[in-house]
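Below is one structure, written out as structure tokens, with a few remarks after it.
The values are calculated or read from the model by the stated rules, or taken from the named source; none is laboratory data. Keep in mind that what you see is a predicted model, and the values were worked out from it rather than measured. Note that we place each Cβ from the backbone using ideal geometry, even for glycine, and neighbour counts take in every protein chain shown. Just so you know, the surface numbers come from the protein's heavy atoms only, side chains and all, with ligands and any DNA or RNA stripped out. Shrake-Rupley method; radii C 1.70, N 1.55, O 1.52, S 1.80 Å.
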Amino acid sequence: MQTKFLEFIYETDTTEALYNVIALQDGISSKRTDIGENSRRGFGLMDVLEYMNALTPSNEKAQIAVISGKSLVVIDFTYPIQRIPIANGAVMRRICFNDSADLFQTQDPRKVMQLQYKFPGTMITGRFKIDEAHLQTLVKP
């Protein structure tokens, strides 16, 4: 099945895939405003990623796949979420898919892929294991 899926990957142009990597970053939303109730838009996916990563035991691997338009982004925490200091002591979370942790460098082609065919929308799917013993280590007495 996985081999069949790999036939849909189109390796020559990764522009749309890179746009979608940028769209995953903290605070990126087409509906975000500087003030008001919409000023907190664009943070949900990073919240989900941090939550999944915290709940997953270290001997397991959480995964999320985002298919949007003609791109596939696979998040499996090979590349960690970074916390970047910004103005006024605030922190922006960022995930890059390369060893240099740089959005402007080439992203890992095993994690950020351009697809041959366009998916009309965005689909997010994921899996992670929650184990009771690990949850007990997270609970504060």
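The table that follows gives values for the structure above.
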read-out: Unique match (being open to solvent by less than 70 Å² (accessible area, probe 1.4 Å) and part of a strand (DSSP E or B)) among LEU115, LEU103, LEU135; value: LEU115
read-out: Tally, over the range 58-76, of residues that are more than 11 Å from the chain's Cα centre (by Cα) and open to solvent by less than 10 Å² (accessible area, probe 1.4 Å); value: 3
read-out: The one condition in (1) under 24 Å from GLU60 (Cβ atoms); (2) of a type in the set (Val, Ile, Thr); (3) free of Cβ contacts under 8 Å to residues at least 40 places away in the same chain that ILE84 fails to fulfil; value: (1)
read-out: LYS129 being at pLDDT below 85, part of a loop (DSSP other than H, G, I, E, B) and under 20 Å from LEU49 (Cβ atoms); value: yes
read-out: Selected residue [open to solvent by 50 Å² or more (accessible area, probe 1.4 Å), modelled with pLDDT of 85 or more and not aromatic (Phe, Trp, Tyr)] from ARG32, ARG93, ARG41, ARG83; value: ARG83
